[in-house]
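Remarks on the structure that follows.
The values are calculated or read from the model by the stated rules, or taken from the named source; none is laboratory data. Source: prediction; values computed, not measured. No Cβ is skipped: glycine too gets one built from the backbone with ideal geometry, and neighbour counts run over all protein chains shown.
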Amino acid sequence: MAVPRASAPRPPHGGPAPYAGPLACGAVTASPHRLPEPGWRPDQATVAAANLTAFMAECGQHGYPALHRWSVDAPGEFWGAVIERLGVVLRTPYRTVLDLAVGVERPRWLPEALLNIVESCFTADPDRVAVVHSRAGALHRVTYGELRGAVHGAATGLGRIGVGEGDRVAIAMPMTLESVVAYLAVVVTGAAVVSIADSFAAEEITARLRIGRADLVITQDRTTRGGRHLPMFDKVAAAGAERAVVVDTGAGIELRPGDRWWSDLLDDETPFSPAIGDPDRISNVLFSSGTTGDPKAIPWTHLTPIKAAMDGHLHHDIHPEDVVAWPTNLGWMMGPWLIYATLVNGATMALHDDAPTGRAFADFVMNAGVTVLGVVPSLVASWRAAGTLDGVDWSGVRLFSSTGEASNPDDMAWLMDLAGGRPVIEYCGGTEIGGGYIAGTVLHDAIPAAFSTPSLGWDLRIVDEHGIPADEGEVFLVPPSIGMSVELLNGDHHLVYYRDVPLADVPLRRHGDHMQRLEGGYYRALGRIDDTMNLGGIKVGSAELERVVGSVEGIAEVAAVAVPPPGGGPSRLVIFAVPTLGTEPDPLAWQKAMQVAIGAELNPLFRIDRVVPVDLLPRTASAKVIRRHLRHLITD
């Protein structure tokens, strides 16, 4: 099925025209949804100082629409320019940027080049601050020179215990200075990190060690969250880890025979030579959320960080003087993303040593001088509902970014206002593409909870359930791009991403998000396509329902799930609701108010079966709601 092209509309105001994405390459079957008012508009100073503005001038591209079109039509030229601008360190140059001899499913990037991506993390002035981190209420700063010395010392220590090229080393600990050093040290040896979230139970750790083939785990004795000490080493031991290197935080534990303390591993004297090799070597094994069965094991190569760094540079406008904070961990792709997007761009990474839900994190953002702050939408909702940020001065924050879930427009408008009028860069992608496929920029108006453009280097299609181009439906990506996975370690990559995709004028790659096109080339995420529910013969996304019912007074967070009744028949809509602090749950009153809101804003045929109050919503390590756990509360 050929997909006709249409011209991109101009925005209803002055300034840069946002790229229309699939409006420029996909059929429009109905009028796009109405565009909400911007929460922020770029001024002349922002546009003049933007990395994008300089990059367009360097590449001879006049305006963002032309830049994006070029990045899609000439990916080799685009990524070559990105590699040069980022200063990616290559020990041996490539003969060409992109080789498609075996097709778009298995592109070869930078053939014949040799590198170790960690070297690209240390091109900044050695005296510049690389990391600012909190520990026991105090701030500590580490320069690029100090961080590089720590990484090379840890790599030497790992080499002494037998870690080398081709090995796999798991890291199961919070996002701390030690975990960053450990991550880079493993990669610089030529080994690969197996990423494991510190929140996982022992059996989940066991599965990831097995799939990732890691026999050594770097961890710590315990984690601390909200004043509570939680065992970490005990979980790793119970998971069956053969060997462990343990960071001592003062828990007073005893190690097993063969385990080592992190401090004993470090070596400050012996220089370390990075392992140089092919760009396609695996540097990191990450996992999907694993909602059913084993999680998908997705390998990152030494090229994937280039995608993360590009997104940080051009979409998040990260400059060397920026301080970047993103509450995350290495078990979620945003942990490695934060390392590369910050360090390759010569900026400062800000790490907080506790949960981001309380006032301590808000104060850390101020005291550390954070200028770029990443969030998860549910975190913003909880801050707003609990009044956590009342009286906080976040005027130093230059921009926010939001990913991990579909955003709520009201929450994002509130966040923009909180910092005195700052943009939120909506950012959506996945582990299997090394970053985002749709995002925003500082050259576009920031519409609360809306994306302004497909990411540079990516094009996309939206199709309905019949595979027909539409303004709302499932997203498919147009390969290739640096960062795009070409294999799964425990699955059939072609089956997962390419088999039975809709016919189009270009090859398509399955991604699975449910997306809605707005006017002016903007988009809104409606969650995963498998979170779409059929209510009375009409399909609706859980995110859209949650946006409407979550506005009811007295409710902090909601999750909408469709529960099939025993014996079959139409699904029942059940809303799980977390009350705001100090609010007494009133499920009947909530249901009545929610039903009125649904009837007014969505469809009166969507009937709520019941509202279930809960203290909190079950979430994965990446803060996504685990809907199967909620369904079990009803069906068990």
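Brief remarks on what is shown
- Qualifying residue in the stretch 215-235 (condition: touching a His at 6+ places or on another chain (Cβ under 6 Å) and assigned by TED's automatic domain parsing to the domain that holds Y144): yes
- Any hit, the stretch 382-399, residues being buried (at least 24 other Cβ atoms within 10 Å of the Cβ) and within 30 Å of Q220 (Cβ to Cβ): yes
- Residue-level check: of (1) crowded, with 18+ Cβ neighbours inside 10 Å; (2) assigned to a loop (DSSP other than H, G, I, E, B); (3) not assigned by TED's automatic domain parsing to the domain that holds L379, D513 misses just (2).
- Taken over the stretch 407-427, the residue count meeting the criterion of being at pLDDT 95 or above, crowded, with 23+ Cβ neighbours inside 10 Å and either within 21 Å of V625 (Cβ to Cβ) or among the small types (G, A, S) (or both) is 5.
- Residue in the stretch 241-249 that is touching a residue at least 60 places away in the same chain (Cβ under 8 Å), outside any strand (DSSP E or B) and either in contact with a Phe, Trp or Tyr (Cβ under 8 Å, 6 or more places away or on another chain) or of a type in the set (V, I, T) (or both) present: no
- Where helices (runs of 4 or more DSSP H) fall wholly inside the stretch 294-388, the ranges with 3 or more residues that are out of contact with any helix residue (DSSP H, G or I) (no Cβ under 7 Å at 6 or more places or on another chain) and within 30 Å of G491 (Cβ to Cβ) are 334-343.
- Every residue from the stretch 582-613 that is in a loop (DSSP other than H, G, I, E, B) and of a type in the set (F, W, Y): F606
- Close pairs from the stretch 187-199: first on the phi > 0 side of the Ramachandran plot, partner surrounded by fewer than 24 Cβ atoms within 10 Å (Cβ to Cβ) and part of a strand (DSSP E or B), Cβ under 9 Å, at least 6 apart: G190/G277
- Residues that are of a type in the set (S, T, N, Q) and in a loop (DSSP other than H, G, I, E, B) are absent from the stretch 71-89 altogether.
- Residue in the stretch 271-284 that is in contact with a Phe, Trp or Tyr (Cβ under 9 Å, 6 or more places away or on another chain), under 30 Å from R627 (Cβ atoms) and crowded, with 20+ Cβ neighbours inside 10 Å present: yes
- Test: P32 is in contact with an Asp or Glu (Cβ under 6 Å, 6 or more places away or on another chain), crowded, with 19+ Cβ neighbours inside 10 Å and modelled with pLDDT under 95: yes
Per-residue answers, yes or no, for (1) assigned to a loop (DSSP other than H, G, I, E, B); (2) crowded, with 16+ Cβ neighbours inside 10 Å; (3) of a type outside the set (D, E, K, R); (4) out of contact with any helix residue (DSSP H, G or I) (no Cβ under 9 Å at 6 or more places or on another chain):
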| residue | (1), (2), (3), (4) |
| --- | --- |
| V186 | no, yes, yes, no |
| D198 | yes, yes, no, no |
| E204 | no, yes, no, yes |
| A207 | no, yes, yes, yes |
| I218 | no, yes, yes, no |
| T223 | no, yes, yes, yes |
| H229 | no, no, yes, yes |
| D264 | no, no, no, no |
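- Inspection of the stretch 48-62 finds no residue satisfying the criterion of being over 25 Å from the mean Cα position of the chain (by Cα), crowded, with 17+ Cβ neighbours inside 10 Å and small (G, A, S).
- Residues in the stretch 428-448 that are more than 17 Å from I482 (Cα to Cα), touching a Ser or Thr at 6+ places or on another chain (Cβ under 9 Å) and part of a loop (DSSP other than H, G, I, E, B): G440, T441, V442, L443, H444, D445, P448.
Conditions tested, residue by residue: (1) outside the structural domain of D264 (by TED's automatic domain parsing); (2) hydroxyl-bearing (S, T, Y); (3) buried (at least 20 other Cβ atoms within 10 Å of the Cβ); (4) in contact with a strand residue (DSSP E or B) (Cβ under 6 Å, 6 or more places away or on another chain).
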residue	(1), (2), (3), (4)
A101	yes, no, no, no
A136	no, no, no, no
G162	no, no, no, no
A170	no, no, yes, yes
G190	no, no, yes, no
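- For the stretch 123-130, the count of residues that are within 30 Å of G226 (Cβ to Cβ) and under 25 Å from the mean Cα position of the chain (by Cα) is at least one.
- Test for W300: is it exposed (fewer than 15 other Cβ atoms within 10 Å of the Cβ) and among the hydrophobic types (A, V, I, L, M, F, W, C): no
- Breaking point among (1) more than 16 Å from the chain's Cα centre (by Cα); (2) buried (at least 24 other Cβ atoms within 10 Å of the Cβ); (3) more than 19 Å from G226 (Cβ to Cβ), for E321: (2)
- Qualifying positions in the stretch 516-541 - part of a loop (DSSP other than H, G, I, E, B) and surrounded by fewer than 15 Cβ atoms within 10 Å (Cβ to Cβ): G536, G537
- Some residue of the stretch 488-496 being under 22 Å from L630 (Cβ atoms) and not small (G, A, S): no
- Filtered residues of the stretch 98-156 (kept if among the hydroxyl-bearing types (S, T, Y) and either modelled with pLDDT under 95 or outside any loop (DSSP other than H, G, I, E, B) (or both)): S120, S134, T143, Y144, T156
- Condition check for I482: outside any loop (DSSP other than H, G, I, E, B) and touching a residue at least 60 places away in the same chain (Cβ under 8 Å): no
- Qualifying residue in the stretch 333-341 (condition: touching a Leu at 6+ places or on another chain (Cβ under 8 Å) and of a type in the set (A, V, I, L, M, F, W, C)): yes
Per-residue answers, yes or no, for (1) of a type in the set (K, R); (2) within 30 Å of H352 (Cβ to Cβ); (3) in contact (Cβ under 8 Å) with a residue 24 or more places away in the chain; (4) surrounded by fewer than 21 Cβ atoms within 10 Å (Cβ to Cβ):
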| site | (1), (2), (3), (4) |
| --- | --- |
| P65 | no, no, yes, yes |
| P93 | no, no, no, yes |
| V118 | no, yes, yes, no |
| T123 | no, yes, yes, yes |
| H133 | no, yes, yes, no |
